[in-house]
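Please treat every number below as a calculation from the coordinates, not as lab data. Source: prediction; values computed, not measured. Ideal geometry is used to build each Cβ from the backbone, glycine not excepted, and the neighbour counts take in all protein chains shown.
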Amino acid sequence: MKTFGDTRIDLQLDEQRRSEMTMHNEKVKKNREILKHCVIFLGKQELPFRGHDESRESANRGNYLELLTFLAKYDPDLHYHLSTSKVFIGTSSQIQNDLISAVAEVMGEIIKEEISKAPFVALMLDETSDVSNAAQLSFVLRFVTDSGVKERFVKFEDVTGKKRAEDVAALALGFLEEHGCMDKLVAQCYDGAAVMASGLNGVQAKVKEKIPQALFIHCYAQVKIKECRIFFSHLSGLAAFFSKSPK
């Protein structure tokens, strides 16, 4: 009877802890959204993430870290997190790569959903060289939805050592199957290289063996435009020059 009507301290502490945990989780969620939108912003603007020197003493730590630092000036919760967190800050290269992969995965699912609603699809492949002069094959899908014509870049595929028609065709067919396009493909668009365009043993012929209705369209606009032809010739020459340079 002596404790009747008294407030229990243990219940008060438990309620306070629940309130603190709720506030903490809300701050974590907000900070996570900021990290995610930094990745989306840099990707949308086609800006590089990393810097040459990401140490705290560096004058420029790269776009990702500098953007976070800028936002932290106007967000006390983010500033506190970046200044005090010892477990998960969200600024490491691994976290950046994980966030990029997560965003790319979500975008890929959205593209697949768009494709599922399209009656017909065209596939465009083109090979280019990255900064290390390694061969990369770009995959682009073109289709029509209720809102109009859509053209979606989906991915790059490293094709170093896999430049035979059989290899490229296998990559193309695997990509089409993954995105549910085998029955929807009506056109395949490549450049005039023999490995791609040959009607006997080229990629287009091997894709047609599996998908007969997939007409081949030769992409040659860049060859017909003098300025583009000169530009890409110089660009490939620069890559070849620096790849052979000893320094």
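General remarks:
- Measuring r between the beta carbons of Ala134 and Arg18 and using R0 = 41 Å, the FRET efficiency lands at 0.15.
- Residue-span extension gain [Phe70 to Leu235] - 0.36 nm each, minus C-alpha spacing: 55.9 nm
- Overall, the anisotropy analysis places segment 52-95 in the oblate class: the square-rooted eigenvalues a ≥ b ≥ c of its C-alpha gyration tensor yield a/c not less than 1.5, with a/b not exceeding b/c.
- 0 to 90° range, to nearest 10: angle between helix 9-44 axis and the chain longest Cα axis: 20
- Volume of the Cα convex hull of the chain, divided per residue and given in Å³: 247
- Highest mean first, the peptides 194-202, 112-120 sorted by other C-beta atoms within 10 Å per residue fall in the order 194-202, 112-120.
- Taking every alpha-carbon pair within segment 9-102, the share separated by more than 22 Å comes to 35 percent.
- FRET E, pair Glu46, Asn97, Förster distance 22 Å, beta-carbon r, rounded to 0.05: 0.80
- Net lengthening on full extension, Lys163/Glu209 (0.36 nm per residue, minus Cα-Cα): 14.7 nm
- Between Phe242 and Val149, the FRET efficiency from the beta-carbon distance, with R0 = 35 Å, is close to 0.40.
- Backbone N within segment 162-187 under 11 Å of label point (7 Å from Arg142 Cα along the Cβ vector): 187
- Residue among Asp167, Asp75, Asp126 with the largest mean-square fluctuation in a Gaussian network model of the chain, springs linking Cα atoms under 10 Å: Asp75
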